[in-house]
Amino acid sequence: MIAGPCSVESDEQTIATARAVKAAGATALRGGAFKPRTSPYSFQGLKEEGLKILAAAREETGLAVVTEVVAESDVALVARYADVLQIGARNMQNYRLLEAVGAEGKPVLLKRGPSATLDELLLAAEYVLNAGNPQVMLCERGIRTFESHTRYTLPLATVPWLHERTHLPVVVDPSHGTGHTNLVPRMAAAAIAADADGLIVEVHPDPETALSDGYQSLTFAQFAELVQLCQRVAEAVGRKIRANETAMTL
Ligand code: PEP
Ligand code: MN
């Protein structure tokens, strides 16, 4: 269970979120320090300052840090602070970046491009694996379709399809996959029912003031409820969610 803000905005925002998601049962903290934004005028992230904030949050909570690397030239820097290097959807087919994170060796969370087929996702993963790094997680985060009610369309058949063809763990991102806070908990639970190995969820102390993706971010209370819902669905389908050791009893 990976959770945290879309972007690292400040010390206080990140540490408060880390504490809350840990209490709810998360095992890893997400948060972007280098943000790949559609508009160059949008908040681009705190860069190295953001990485330092994430490392401080790990120090206090023990949560692993998952954060995006957007450029080949930043791989060494991001790897100094991160536990998992996230390759964003926009970079799924940035082959030199894939080779660079492959050579670096830290676990990689590879997000599906919004217009990429699953065969293309698997071939992108091969770039990391071939560079000598076997630690790759695949992430379904929604694809672009004609549907406009949701930000993207979240195809959960991806999960069992990938499980039939690869040993790599499959993570689902119901935040980007739907783009609406109120749709996130049910799609997270559906992903668990579909046998997802992990979830990555956006959480913010005050989603309305978030510098990115507030409309799809959960409050602390909503995230705690999501974990409990997922727990119930997991039990119903004979699975168990591995929560962190100090998580409150669910
Ligand atoms: C993110 O995780 O905040 C993000 C930018 O995701 P994606 O690359 O899937 O759009
Ligand atoms: Mn986001």
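The values are calculated or read from the model by the stated rules, or taken from the named source; none is laboratory data. What you are looking at is a predicted structure, and each value in this text was computed from that prediction instead of being measured. Every residue, glycine among them, receives a Cβ derived from its backbone with ideal geometry; neighbour counts consider all protein chains shown. Side chains included, ligands, DNA and RNA excluded: accessible areas come from the protein's heavy atoms. Shrake-Rupley method; radii C 1.70, N 1.55, O 1.52, S 1.80 Å.
Between Thr27, Thr14, Thr117, the Gaussian network model of the chain with springs among Cα atoms under 10 angstrom shows the greatest mean-square fluctuation at Thr117.
Entry note, the range 3-80: relative contact order of 34 percent, from Cα contacts under 8 Å with a spacing of 6+ residues. Using the Cα gyration tensor of the range 125-250, with a ≥ b ≥ c the square roots of its eigenvalues, what is the shape: rounded (a/c below 1.5), prolate (a/b larger than b/c) or oblate (neither)? In terms of gyration-tensor shape, oblate.
Given a 1.4 Å probe, how much area per residue of the range 1-100 is accessible, in Å²? Please report the intermediate quantities before stating the final value.
Values: 3770 Å² over 100 residues.
Per residue, the range 1-100 has 38 Å² of solvent-accessible surface.
Averaging sequence separations of C-alpha pairs under 8 Å and six or more residues apart, then dividing by the length of the chain, give the relative contact order as a whole percent. Don't jump to the answer; show the numbers that get you there.
Numbers: 547 pairs, mean separation 47.8, N = 250.
For the chain, the relative contact order is 19 percent.
Out of all DSSP beta bridges with both ends in the chain, state the antiparallel percent to the nearest 5. The antiparallel proportion sits near 5 percent.
Across the range 77-220, the mean sequence separation of Cα contacts (distance under 8 Å, 6 or more residues apart), normalised by length, yields a relative contact order of 17 percent. For the chain, the share of accessible area belonging to carbon and sulfur comes to 52 percent (1.4 Å probe, ligands and nucleic acids excluded).
Relative to its Kirkwood radius, the Cα radius of gyration of the range 37-143 gives an Rg/Rh of 0.97.
Among Ala124, Ala76, Ala190, whose Cα projects farthest towards the positive end of the dipole of the chain, with charges put on the beta-carbon of Lys, Arg (+1) and Asp, Glu (-1)? Among Ala124, Ala76, Ala190, the one farthest towards the positive end of the dipole of the chain is Ala190. Once you reduce the range 1-58 and the range 66-131 to the center of their Cα atoms, the two points are 18 Å from each other.
Based on the alpha-carbon gyration tensor of the chain and its eigenvalue square roots a ≥ b ≥ c, which shape applies: rounded if a/c is under 1.5, prolate if not and a/b is larger than b/c, or oblate? Note, shape of the chain comes out rounded.
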